[in-house]
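Visitor: Starting off with a structure, shown below.
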Amino acid sequence: MKKNEILFLQGNEVCARAAMYAGVSFYAGYPITPSTEIAEVLAELMPAEGKAFMQMEDEISSICAIIGASLTGNKVMTATSGPGFSLMQEAIGYGHMAEIPCVIVNVQRGGPSTGMPTSASQADVMQTRWGTHGDHSVIALTASNHEDIFAMTVEAFNFSELYRMPVVLLLDEVIAHMREGLTIPEPGELPIIERLNTSVPEDSDYHPYFAREDGRLPMSEFGGIHRYNVTGLAHDMWGFPSNDPEVANTLIHHLVNKVENYKHDIARYKTTNMDDADIVLISYGCSARSAKQTMSNLRQRGLRVGMIELQTLWPFPDDIIYDLCRDARYVVVAEMNMGQVLHQVKEAVSNPDRVFLANRVDGALINPEDIENVVNLLRGKGK
Amino acid sequence: MAVTDYLREQFMPHIWCPGCGHGIVLNSLVRAVEQIGLEKNDVVMVSGIGCSARMAGYLDFHTMHTLHGRALAFATGAKMGNPRLKVIVPMGDGDALAIGGNHFIHAARRNMDLTAIVMNNNIYGMTGGQFSPATPKNRYATTAPYGTIDEPFDVVKVATAAGASFVARSTTYHVNELIKLIREGIEHPGFSVIEILDQCPTYYGRKNLSGSAVDMLKHFKENSVKIGKGTGAPGEIEIGVFVKEVRPEYCDKYESLVKEVQGGKK
């Protein structure tokens, strides 16, 4: 590739290329609209680089296969959409419990069920958080443009290695199928976090679930010098099943705290015109593109509108939202669902009665007027 | 290496009931691995959920105790992620054929070098004795108090039809043959299925008046015939190697594909 080459790409293609940039060495997936192009691009790129690409029999086997391949020392990814993401939930929980790095891309489409396969939606935010059973924390990232899709895909791999866990990249049909120009970053331009392998020598005891002082758990790949057990059962630091209440208690707190304690490090967001804003728009993904236009339209009319674009959805950056919205008269959350991030924002701010929803759930992209109408309505009411 | 070197004895006694056949399978498997002379670091064992799945914890390999029915899917990723490794997958009949049925047929179709050991005791043991896809018709289980009306799967036929390149069957009575078959399965360069008829006196046996573990083993002894030597009588158990063909193995095929792509031939 030429230096700083500018390519005209589809969002899904950007995601695939970013995965290659991050060093993905194993991909398994199952075709599903609107994510399929990620697999199609990787099916072409990966063999050429000597990396493993597999099309599996379903989404369940896809997520299981990537977890298996992660344990044999690979950076791994799968991509899917709503129905496939639903099928993956049990194994995602396994990934959390067994603490296996992997990246799951969910290109959201209309739901529930088969819903609207070729239409836009952002209704999987809460499923991403609570889709699998049991207590645990999750990391989920999103993006509204191609530069960010690239960066967040790389970040998803980095976080999965750093925190040793599944990380979800929540894209949506609009940005995944939209084409725009992108300058492909040069190697080394974006930081890449590699797997932390244990330095414990062969004849010493290696504990796969014993965290270092900094909270990280060094790994040892299957086939390497340390043999240990991995299980979805509650387990001790050796990876062996345990029914001991103390062991279970420590484990659950660890699975939650290993993310919650670092949520400021994980928080990715952008603010625009927030210095004087008394109306704050909060948005993400495709909706953020429209919200940005709304902000600019209303600014032209002299309204003090600012915007927060979320790129980290989970862990939810609640104290950041609290601080940024402290002086707002109104907070409007623009999203393509019935109020999933809205719910989190209401929990985060000091006055939840000042938080309103601008949404669309009909499969068509929310447009700037949809959001503007809500602001106008509030101002009419507010005066 | 001594046979016991392959065991994690610190985690014994095992959880299996008295009379359970799973210990015989474990014993046979370890002896097969020992005869081949596999290095412990070169073996990955992937299991699902159920009584059978606990085998992984007792063996000193790289062990992954995964989800119900999904062992072959995890194993597929592990093997493809490092084709140098020997991957052995112990499964129960419910694990392999019901919830895991889809993965079972597709693993067979792909012909990846995995060794699937189906420990068929005709029952869900871990949950307390419900009928499985391998429970014969008109047998009893906690969820079939009036007898089953379901037709069972024939593991050998399913595996053969789905494309497994090594398919064998034996029983926990035939320990020496079992060691040989497991060894052959592990050494076979492709997807191997070894069905082992295995006694569950606690749940299957008790509900179906099969007697003690010894009685159940005697049943295996008295009703087993070598392939082609039987009379076709109902209840006859054909044992031996049904399929053994060397066909292109999945990881090898992928490696060739990569070479062709990189060499500009594709």
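The values are calculated or read from the model by the stated rules, or taken from the named source; none is laboratory data. Predicted model, so just to flag it, every value in this text is computed and none were measured. Neighbour counts run over all protein chains shown; Cβ positions are idealised from the backbone, glycine included.
Visitor: Tell me, which helices (runs of 4 or more DSSP H) wholly within the range B:24-126 include 2 or more residues that are surrounded by fewer than 23 Cβ atoms within 10 Å (Cβ to Cβ) and within 14 Å of chain A (Cβ to nearest Cβ)? Let's see the steps before the verdict.
Guide: Values: elements: B:55-58, B:71-81, B:93-97, B:101-110.
Those helices (runs of 4 or more DSSP H) span B:101-110.
Visitor: For A:Ser283, work out the one condition from (1) of a type outside the set (A, V, I, L, M); (2) surrounded by 19 or more Cβ atoms within 10 Å (Cβ to Cβ); (3) farther than 30 Å from A:Val305 by Cβ it doesn't fulfil.
Guide: Answer for A:Ser283: the failing condition is (3).
Visitor: Another question, then. Any residue that is surrounded by fewer than 24 Cβ atoms within 10 Å (Cβ to Cβ) and aromatic (Phe, Trp, Tyr) - is there at least one of those in the range B:132-150?
Guide: There is at least one residue in the range B:132-150 that is surrounded by fewer than 24 Cβ atoms within 10 Å (Cβ to Cβ) and aromatic (Phe, Trp, Tyr).
Visitor: Step by step: first the residues of the range A:82-104, then only those that are free of Cβ contacts under 8 Å to residues at least 40 places away in the same chain and either crowded, with 24+ Cβ neighbours inside 10 Å or of a type in the set (S, T, N, Q) (or both), then the one that is farthest from the other protein chains (Cβ to nearest Cβ). Which residue is that? Break it down stepwise before answering.
Guide: Within the range A:82-104, the subset free of Cβ contacts under 8 Å to residues at least 40 places away in the same chain is A:87-88, A:91.
The next check asks that each one be either crowded, with 24+ Cβ neighbours inside 10 Å or of a type in the set (S, T, N, Q) (or both); those that pass are A:88, A:91.
Values: A:Met88: 11, A:Ala91: 6 Å.
This residue is A:Met88.
Visitor: Now for a separate question. Please go through the range A:183-220 and give me each residue that is modelled with pLDDT under 95, surrounded by 10 or more Cβ atoms within 10 Å (Cβ to Cβ) and within 14 Å of another protein chain (Cβ to nearest Cβ), ordered by number.
Guide: Passing the criteria: only A:Asp205.
Visitor: Would you mind stating whether A:Ala123 is surrounded by fewer than 24 Cβ atoms within 10 Å (Cβ to Cβ), farther than 21 Å from A:Glu260 by Cα and in contact with a Gly (Cβ under 6 Å, 6 or more places away or on another chain)?
Guide: yes
Visitor: Can you report the number of residues in the range B:222-266 which are touching a His at 6+ places or on another chain (Cβ under 8 Å) and farther than 30 Å from A:Ala69 by Cβ?
Guide: Counting residues in the range B:222-266 that are touching a His at 6+ places or on another chain (Cβ under 8 Å) and farther than 30 Å from A:Ala69 by Cβ gives 2.
Visitor: If you don't mind, another one. Do we find that A:Ala156 is under 30 Å from B:Gln262 (Cα atoms), surrounded by fewer than 24 Cβ atoms within 10 Å (Cβ to Cβ) and either within 14 Å of chain B (Cβ to nearest Cβ) or out of contact with any Asp or Glu (no Cβ under 7 Å at 6 or more places or on another chain) (or both) in this structure?
Guide: Values: under 30 Å from B:Gln262 (Cα atoms): yes; surrounded by fewer than 24 Cβ atoms within 10 Å (Cβ to Cβ): no; either within 14 Å of chain B (Cβ to nearest Cβ) or out of contact with any Asp or Glu (no Cβ under 7 Å at 6 or more places or on another chain) (or both): yes.
Judged against the criteria, A:Ala156 is not a match.
Visitor: May I pose another question? Taking only the range A:236-256 into account, find how many residues are surrounded by 15 or more Cβ atoms within 10 Å (Cβ to Cβ), of a type outside the set (Ser, Thr, Tyr), more than 9 Å from chain B (Cβ to nearest Cβ) and within 29 Å of B:Tyr6 (Cα to Cα).
Guide: 6
Visitor: Please give the helices (runs of 4 or more DSSP H) falling wholly within the range A:98-179 in which 1 or more residues are more than 10 Å from the chain's Cα centre (by Cα) and farther than 19 Å from A:Pro34 by Cα.
Guide: Correct list: A:125-130, A:146-163.
Visitor: Also: Would you confirm whether or not the range A:315-326 contains a residue that is at pLDDT 95 or above and farther than 26 Å from A:Leu170 by Cα?
Guide: Scanning the range A:315-326 turns up at least one residue that is at pLDDT 95 or above and farther than 26 Å from A:Leu170 by Cα.
Visitor: Looking at (1) within 14 Å of another protein chain (Cβ to nearest Cβ); (2) buried (at least 24 other Cβ atoms within 10 Å of the Cβ), find the lone condition where A:Val107 falls short.
Guide: With (1) within 14 Å of another protein chain (Cβ to nearest Cβ); (2) buried (at least 24 other Cβ atoms within 10 Å of the Cβ) applied to A:Val107, the lone miss is (1).
Visitor: Which of the residues belonging to the range B:213-240 are within 17 Å of B:Ala134 (Cα to Cα) and assigned to a loop (DSSP other than H, G, I, E, B)?
Guide: Residues satisfying the conditions are B:Pro234, B:Gly235, B:Glu236.
Visitor: Does any residue of the range B:134-149 turn out to be within 21 Å of B:Lys253 (Cβ to Cβ), modelled with pLDDT of 95 or more, touching a helix residue (DSSP H, G or I) at 6+ places or on another chain (Cβ under 7 Å) and among the aliphatic types (A, V, I, L, M)?
Guide: Checked the range B:134-149: no residue is within 21 Å of B:Lys253 (Cβ to Cβ), modelled with pLDDT of 95 or more, touching a helix residue (DSSP H, G or I) at 6+ places or on another chain (Cβ under 7 Å) and among the aliphatic types (A, V, I, L, M).
Visitor: Report, ordered by the first and then the second residue, all pairs with beta carbons closer than 7 Å, sequence separation of six or more or different chains, a first member in the range B:230-259 that is within 11 Å of chain A (Cβ to nearest Cβ), and a second member that is surrounded by 17 or more Cβ atoms within 10 Å (Cβ to Cβ) and of a type outside the set (A, V, I, L, M, F, W, C).
Guide: Filtered contacts from the range B:230-259: B:Tyr250/B:Arg110; B:Tyr250/B:Asn111; B:Cys251/B:Lys79; B:Cys251/B:Pro83; B:Cys251/B:Asp113; B:Leu257/A:Pro47; B:Val258/A:Pro47.
Visitor: Do you know which of the residues in the range B:1-23 that are assigned to a loop (DSSP other than H, G, I, E, B) and in contact with a strand residue (DSSP E or B) (Cβ under 8 Å, 6 or more places away or on another chain) is surrounded by the most Cβ atoms within 10 Å (Cβ to Cβ)?
Guide: Out of the qualifying residues, it is B:Gly21.
Visitor: Identify, by number, the condition in (1) part of a loop (DSSP other than H, G, I, E, B); (2) out of contact with any strand residue (DSSP E or B) (no Cβ under 8 Å at 6 or more places or on another chain) that A:Gly93 doesn't meet.
Guide: (1)
Visitor: Taking the range A:47-81 only, how many residues are facing chain B (nearest Cβ under 7 Å), closer than 27 Å to B:Asn41 by Cα and either part of a helix (DSSP H, G or I) or without any contact (Cβ under 8 Å) to a residue 24 or more places away in the chain (or both)?
Guide: 9
Visitor: Could you tell me which of the residues B:Thr76, B:Thr63 is in contact with a Gly (Cβ under 7 Å, 6 or more places away or on another chain) and more than 26 Å from B:Val241 (Cβ to Cβ)?
Guide: B:Thr63
Visitor: Another question, then. Does A:Tyr21 qualify as being modelled with pLDDT of 95 or more, hydroxyl-bearing (Ser, Thr, Tyr) and surrounded by fewer than 24 Cβ atoms within 10 Å (Cβ to Cβ)?
Guide: Yes; evaluated as a whole, the condition is true for this residue.
Visitor: OK, next. Give A:Leu255, A:Leu298 a once-over and let me know the one that is assigned by TED's automatic domain parsing to the domain that holds A:Val154 and hydrophobic (A, V, I, L, M, F, W, C).
Guide: A:Leu255
Visitor: Give the residues of the range A:1-45 that are among the aliphatic types (A, V, I, L, M) and more than 19 Å from the chain's Cα centre (by Cα), sorted by residue number. Break it down into steps so the answer makes sense when it comes.
Guide: Initially, the range A:1-45 is screened for residues among the aliphatic types (A, V, I, L, M), giving A:1, A:6-7, A:9, A:14, A:16, A:18-20, A:22, A:24, A:28, A:32, A:38-39, A:41-43, A:45.
Scanning the range A:1-45 gives A:Met1, A:Ile6, A:Leu7, A:Leu9, A:Val41, A:Leu42, A:Ala43, A:Leu45.
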